[in-house]
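Values quoted throughout were computed directly from the atomic coordinates according to the rules given, and no laboratory measurement underlies them. What you see is a predicted model, and the numbers here were worked out from it, not measured in a lab. No Cβ is skipped: glycine too gets one built from the backbone with ideal geometry, and neighbour counts run over all protein chains shown.
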Amino acid sequence: MGYAFKMARITTATTADDLDLARELWREYARVVDEPAWFPGFESELAELGKMYGPPDGTFLLAWEGSELAACGSLRRLDADTAELRRVYVRPKFRGRGLARTISMALMGEARALGYSLVRLDIPPKLAEGLKLYQSLSFRQIPPYAAQPPGAICMEARVRSGPRPK
């Protein structure tokens, strides 16, 4: 599967090499957030990336500008009707080009295609500028929905109407 938005090429991380690139980007994200409370069990999560964020219930997307890896984001199942967008991250060199929006929209489309009705996410306080992006994508603030760290901004958006197809 591939998407093309605003000069970026979006691919699905499916191979071992793709997942290694995804891990590299998530480690960069963790250094940016720099709050251990946001990353309990992080190394275990990285080790299980393909299972936690892969088919049939999720996906991991990589964004490329030319041959350079620019951004990533993932989607995983929370329950039968709800998926979670996780760690949408754009490398500093590529910021300001709409890649966070591109990845987020692609993930919302994937959630819809997988039959989810809702998508949720949490934003670390350090990355609160993402709030405007997600508000522009019809997300609304909600109370914490899992064991989010203090200060987490939690949001939710409807991506399709009705119950999940059987």
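Quick notes on this structure:
- Considering only Thr82, Thr59, Thr15, the Gaussian network model of the chain with Cα springs below 10 Å gives its largest mean-square fluctuation to Thr15.
- For segment 112-129, backbone phi angles converted through the Karplus equation (6.51, -1.76, 1.60; θ = phi - 60°) give residue-by-residue couplings of 4, 5, 7, x, 6, 9, 10, 10, 10, 7, 10, 10, x, x, 5, 10, 4, 5 Hz, Gly and Pro being listed as x.
- In sequence order, segment 84-98 has phi-based couplings of 10, 7, 10, 6, 5, 9, 10, 4, x, 4, 10, 6, x, 10, x Hz under the Karplus curve 6.51 cos²θ - 1.76 cosθ + 1.60, θ = phi - 60°, and Gly or Pro positions carry x.
- Estimated [θ] at 222 nm from DSSP helical runs (n ≥ 4, -39500 (n - 2.57)) normalised by residues in the chain, nearest 500: -9000 deg cm²/dmol
- Among Ala111, Ala30, Ala16: highest mean-square fluctuation, GNM of the chain, C-alpha pairs under 10 Å: Ala16
- Shape call, segment 48-146: gyration tensor on alpha carbons, a/c limit 1.5: oblate
- Backbone HN-Hα couplings from phi across segment 55-66 [Karplus 6.51/-1.76/1.60, Hz, Gly and Pro as x]: x, x, 9, x, 7, 10, 10, 10, 10, 10, 10, x
- Gyration tensor verdict on segment 1-86 (Cα atoms; rounded if a/c is under 1.5, prolate if a/b is larger than b/c, oblate otherwise): oblate
- Cα centroid of segment 9-28 to Cα centroid of segment 141-158, whole Å: 25
- Unit charges on C-beta of K, R, D, E only; dipole of segment 17-132, Debye: 460
- For segment 12-52: rounded, prolate or oblate by the Cα gyration tensor [a/c cutoff 1.5]: oblate
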